[in-house]
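These notes are about the structure you will find just below.
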Amino acid sequence: MSTRLLVFSALWLAACDPKGSDKEGADTDDTDALSDTGTEAASCDLALPVPCEDDLYLDLSLQDDASAGPSVTDTLDGDDHLLAIDATAGGTQGVTTNPWVYVRFEQDGAVQVDLTDAEALASGDWDLAAKRFQLRLNGGSSGPSCVSAQAFPTAAYADVTLPAGEFQGEVDAFYDKSCTFVADGSGLPDSPQLALTGWWTYPGCVATTETPFIVRRADGTHLKLVVEAYYASGQDTCNTTGAMGTGSANLQLRWAFLP
């Protein structure tokens, strides 16, 4: 699955100062804010409308109602948090008529944010949104903030620490400058290219790659996360044999803030 990202520079807080790109920031208009590098914007001091909003409503099936909750549970497991998200969205037949679930990472644990899809496009209060196997971050094509992620495909979650060099964060990037939809390369034409796309593959079921990510929030804090399960049961069988588990889109993520 391709993880190459075309990027939109979605800028949010003056306190956030990401350094993933040498491209110029957005200081004129929305068009000038778009970047083709695959890394996040060089600054985060300006809030911009989400680009291609009309297309976004259709392509992501955005809804006028907030997700009926609670859909999020966060518990401690040693030094980590285990985040369970009910991203079932009415099942495969109901996905186009159900909203996304919005999540914010806090020091005491992740919490659900009560937002409609429309409200989320103008809000910096959320970090991550989930629906079925898709995990969006609040930035780039997905939202007005600057939340970004860097994948560490050869590392184990337990070993992930902040890199010594500059953080090479990616933002969601599923539209180009002409608002043409960019798929993620999975073979599913309606699956958007997201910064967290690399958490799954599809050998006949949604298998977890165990790829850990570092996520940088708009306030400059960092956390690491890994998606451990998509199915309520049978994830290991899916990963090893390609047979579907049961209880799809009951996501479990392991995460922790990094010092």
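Read the figures in this text as sums done on the coordinates, not as results from a lab. These numbers come from a predicted model, not from an experiment. Cβ: placed from backbone, ideal geometry, glycine included. Neighbour counts: every protein chain shown.
Going by a ≥ b ≥ c, the root eigenvalues of the Cα gyration tensor, does region 73-133 fall in the rounded group (a/c under 1.5), the prolate group (a/b larger than b/c) or the oblate group? Walk me through the numbers on the way to the answer.
Values: a/c = 3.51, a/b = 1.41, b/c = 2.50.
Since a/c reaches 1.5 but b/c is at least a/b, the shape of region 73-133 is classed as oblate.
Take the eigenvalues of the Cα gyration tensor for region 68-217, scale each by 5, and report the square roots as semi-axes in whole Å, largest first. Kindly include the intermediate steps, with their values, before the conclusion.
Working: eigenvalues 96, 79, 61 Å².
After diagonalising the Cα gyration tensor, the semi-axes are 22, 20, 17 Å.
Show me 127-140, 80-93, 220-233 ranked by packing, highest mean number of other Cβ atoms within 10 Å first.
On the way: 127-140: 26.4, 80-93: 17.9, 220-233: 19.5.
Final packing ranking: 127-140, 220-233, 80-93.
Among V160, V171, rank each residue by its count of other Cβ atoms within 10 Å, from fewest to most, as a rough exposure measure. Don't skip to the end; give the middle numbers.
On the way: V160 18, V171 32.
Result, fewest neighbours first: V160, V171.
Using a Förster radius of 30 Å, what is the FRET efficiency between T161 and Y202 based on their Cβ-Cβ separation? Nearest 0.05, please.
Values: r = 30 Å, r/R0 = 1.01.
Rounded to the nearest 0.05, the efficiency is 0.50.
So how do S148, S186, S123 line up by other beta-carbon neighbours within 10 Å, fewest first? It would help to have the intermediate numbers written out before the result.
Values: S148 32, S186 15, S123 18.
Starting with the residue having the fewest Cβ neighbours, the order is S186, S123, S148.
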